[in-house]
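Below: the structure, in structure tokens.
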Amino acid sequence: MIHTKLPKIWYGGDYNPEQWDSAVMEEDLRMFKLAGIDVATINVFSWALSQPDEDTYQFEWLDDVIEKLHANGTYVCLATSTGAHPAWMARKYPDVLRVDFEGRKRKFGARHNSCPNSPTYRKYAERIADRLAERYKDHPAVLIWHVSNEYGGYCYCDNCAAAFRTWLQARYATLDEVNRVWNTKFWGHTFYDWEEIVPPNALSEEPGENRTFFQGISLDYRRFMSDSLLDCYKLEYNALKRHTPYLPVTTNMMGLYKPLNYFKWAPYLDVISWDNYPALDTPTSLTAMCHDLMRGLKAGQPFMLMEQTPSQQNWQKYNSLKRPGVMRLWSYQAVARGADTVMFFQLRRSIGACEKYHGAVIEHVGHEHTRVFRECAQVGRELEKLSDLLLDTRVAARAAIVFDWENWWAIELSSGPTVALKYVNEVHKYYDALFQQGIAADLIAPDHDVSGYDIVIAPVMYMVKEGFAEKVEAFVQNGGTFLTTFFSGIVDENDLVTLGGYPGKLRKLLGIWVEEIDALFPDQSNQIQLTQPFGGLQGSYECGLLCDLLHAEGAEVKAVYGSDFYQGMPALTVNRFGSGQAWYVASSPEPAFLQELLGELCREKGITAPVSPVEGVEVTVRHAADGEAFIFLLNHNNHEAAVALDALAGTDLLTDERLEGEVKLAPKGVIIMKKERLS
């Protein structure tokens, strides 16, 4: 994997020594030793420093930084610096500047302001990546390449318009097909020449963010923009690989970042890396879901935690500190869910501009006598103690949740049935129901192989792409349990309604027909009433948002609505299909309902948590290829928590203490238990 030169969990983060003099760097290197920092990400935003004009490259400053880090025993994650183009480039070649959603041509400033379809940007970005790889290809300090930084943002310039037309020609071949998939006979939008197609923004089809008159063109523009930015990444990736085929290449992703389809990016990253910035009030399970999504991008391969803040982050409205123990706890949460690195932004605080109040290992005071530094040094010592025990171990899950960026785009571009429907929220409800019970779940793409799972959950599967229904039918036929929800099976990959009744291609599998969909106001609710107890489910549960009015076509009705004119109509059904079963939840229920339902479905498949669930205590297991198991117990509570290990026993890797019976976790406490093997 990524640990050939440094066989341990990497510990470090973003470092910008070009912002200070050499004396400051010498002091930083001393403190890196104290904190156990062994990796520094450098050169992230230094393009202007390394290339003062289009013909001159000056890497001497970077040579000096790398040599000093290496002499100190600090390895390098070397960035290509292309996340922000130089001012000279914007002045001389204005095609590098984006046109925004409102149709305004940007000036030089900020970052991520480069048009992904600018010939100038692509030329010079590839060139500097090539020069860097050629110069540092044999340097023993370089562990991994970091391309650009946090790709994102769309452009609507003339270059992008032309490239969009080319992209459409490659995807659809003919204008007739474009007109068909976009349904352009609606509102007289038929195109007779490719040049008539313009990007959908505030000047054309989209009156506001996530609002559009034509879902087809807006959906395709999002696909196109994600692909365009990926093409920029691939230019640099290929330039680096020409010189260093043996070094891994990555770029830092951002979890639930809506504009980019990360599943489509994943094949071109040698290892997934991402930046984790939850707020103080972000649900613990949502952060866990993001880690699991990043792990799922490459089918369970360990990933990199590329950035997190040691203390506070500057862009939040309320720039709260991480409370004592939280940075350590959240670092181990990442490791528990598959991270093989713990990295920060940043190692030293900037003295100016917008990130001077973003937390750092080394604060503005400039010494090690701070709470944050002491906590970072503690984690550094612990990671050294863990050494290579956890490297490349995997999180194994028998349940999977389908997550689809294009489905997300399509749902929230849809004109109806409710502005309150948020795809991520609905996915998270199902994830959280498993999380609260200590049950692992993978997040997978719609085209992922599902044969290795016992349960597959596809919340709000509005868009059913070619082949998905057949794959799920085969999964259920062979004994799998499939569950989907309201507003599923409505459209195909072009956002065209599948005729013949909802849920379209899933109708046979689910054994139901949805006649109408009722959108409830925020202050309205209905009830899901069990017709008979099912596991822990009994009585009545609140539901809202949307209510599908459906008829059973072979499915067994497990619950009905409790009020309104559709009182008594099915609200929960199960269809026996081959050796398996397909469930349909017709509304958005309260958490207790989902915990009981999913808990019972897991019990039917013999899926249980490693230990009995305790509120506020996260439980995860990483498995080694040789059968070793490492159980993580993470106490997110502000009070002590007791966890019964039942028949489990083992050794805490952080304290060397033998554990059995009941263990107590301090507030924000962490236990990593190496499970004893049965003799």
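The values are calculated or read from the model by the stated rules, or taken from the named source; none is laboratory data. It should be emphasised that the depicted structure is a prediction, and the values quoted were computed from it without experimental measurement. Cβ: placed from backbone, ideal geometry, glycine included. Neighbour counts: every protein chain shown.
Scanning the stretch 543-562 for any residue that is assigned to a strand (DSSP E or B), modelled with pLDDT of 95 or more, of a type in the set (Val, Ile, Thr) and over 23 Å from residue 428 (Cβ atoms) turns up at least one such residue.
From the list 541, 584, the lone residue that is within 30 Å of the chain's Cα centre (by Cα), of a type in the set (Phe, Trp, Tyr) and assigned by TED's automatic domain parsing to the domain that holds residue 526 is 584.
Out of 433, 397, one residue alone is surrounded by 21 or more Cβ atoms within 10 Å (Cβ to Cβ) and in a loop (DSSP other than H, G, I, E, B). It is 397.
There is no residue in the stretch 1-16 that is touching a Lys or Arg at 6+ places or on another chain (Cβ under 9 Å) and at pLDDT below 95. Just so you know, in the stretch 633-658 the residues that are in a strand (DSSP E or B) and not aliphatic (A, V, I, L, M) include one that is surrounded by the most Cβ atoms within 10 Å (Cβ to Cβ), and it is 635.
State yes or no: is residue 500 in a loop (DSSP other than H, G, I, E, B) and within 29 Å of residue 568 (Cβ to Cβ)? For residue 500, the condition - in a loop (DSSP other than H, G, I, E, B) and within 29 Å of residue 568 (Cβ to Cβ) - is met. When residue 279 is tested against (1) at pLDDT 95 or above; (2) farther than 24 Å from residue 40 by Cβ, exactly one condition is not met: (1). Out of curiosity, is residue 230 in a loop (DSSP other than H, G, I, E, B), assigned by TED's automatic domain parsing to the domain that holds residue 105 and not hydroxyl-bearing (Ser, Thr, Tyr)? No.
Applying a threshold of 9 Å to beta carbon distances and a minimum spacing of six or more residues, or different chains, the list of pairs starting in the stretch 432-453 at a residue that is closer than 19 Å to residue 266 by Cβ and ending at one that is of a type in the set (Phe, Trp, Tyr) and assigned to a loop (DSSP other than H, G, I, E, B) reads 442/453; 443/403; 444/403; 444/453; 445/403; 446/403. Residues that are buried (at least 21 other Cβ atoms within 10 Å of the Cβ) and either assigned to a strand (DSSP E or B) or charged (D, E, K, R) (or both) within the stretch 582-593 comprise 582, 583, 584, 585, 587, 588, 589, listed in sequence order. Within the stretch 614-632, restricting attention to residues that are of a type in the set (A, V, I, L, M) and either surrounded by 14 or more Cβ atoms within 10 Å (Cβ to Cβ) or assigned by TED's automatic domain parsing to the domain that holds residue 301 (or both), the residue that is nearest to residue 391 (Cα to Cα) is 624. Filtered by the rule that a residue be more than 21 Å from residue 167 (Cβ to Cβ) and either in a loop (DSSP other than H, G, I, E, B) or of a type in the set (Asp, Glu) (or both), the stretch 92-111 gives 93, 102, 104, 106, 107, 108, 109, 110, 111. Looking only at residues in the stretch 170-225 that are farther than 22 Å from residue 117 by Cβ and among the polar types (S, T, N, Q), which one is surrounded by the most Cβ atoms within 10 Å (Cβ to Cβ)? Once the filter is applied, the top-ranked residue is 215. Annotation: residue 22 fulfils all but one of (1) at pLDDT below 95; (2) at negative phi; (3) under 27 Å from the mean Cα position of the chain (by Cα); the unmet one is (3).
In the stretch 589-605, the residues that are touching a residue at least 40 places away in the same chain (Cβ under 8 Å) form Cβ pairs under 7 Å with partners that are β-branched (Val, Ile, Thr), at six or more places apart or across chains, as follows: 589/528; 593/528; 601/455; 601/481; 602/439; 602/455; 605/455; 605/481. Restricting the search to helices (runs of 4 or more DSSP H) fully inside the stretch 1-91 and requiring at least 3 residues that are in the same structural domain as residue 249 (by TED's automatic domain parsing) and in contact with a strand residue (DSSP E or B) (Cβ under 9 Å, 6 or more places away or on another chain) gives 22-35, 60-71. Six or more apart or on different chains, Cβ atoms under 7 Å: show the pairs whose first residue is in the stretch 277-295 and in contact (Cβ under 8 Å) with a residue 60 or more places away in the chain and not assigned by TED's automatic domain parsing to the domain that holds residue 426 and whose second is assigned to a helix (DSSP H, G or I) and hydrophobic (A, V, I, L, M, F, W, C). Every condition considered, the pairs that remain are 285/435; 288/435.
Would you check if residue 340 is outside the structural domain of residue 435 (by TED's automatic domain parsing) and assigned to a strand (DSSP E or B)? Spelling it out, residue 340 is indeed outside the structural domain of residue 435 (by TED's automatic domain parsing) and assigned to a strand (DSSP E or B).
Out of 73, 36, 103, report the one residue that is in contact with a Gly (Cβ under 6 Å, 6 or more places away or on another chain) and either under 23 Å from residue 383 (Cβ atoms) or not aliphatic (A, V, I, L, M) (or both). So the residue among 73, 36, 103 that is in contact with a Gly (Cβ under 6 Å, 6 or more places away or on another chain) and either under 23 Å from residue 383 (Cβ atoms) or not aliphatic (A, V, I, L, M) (or both) is 36.
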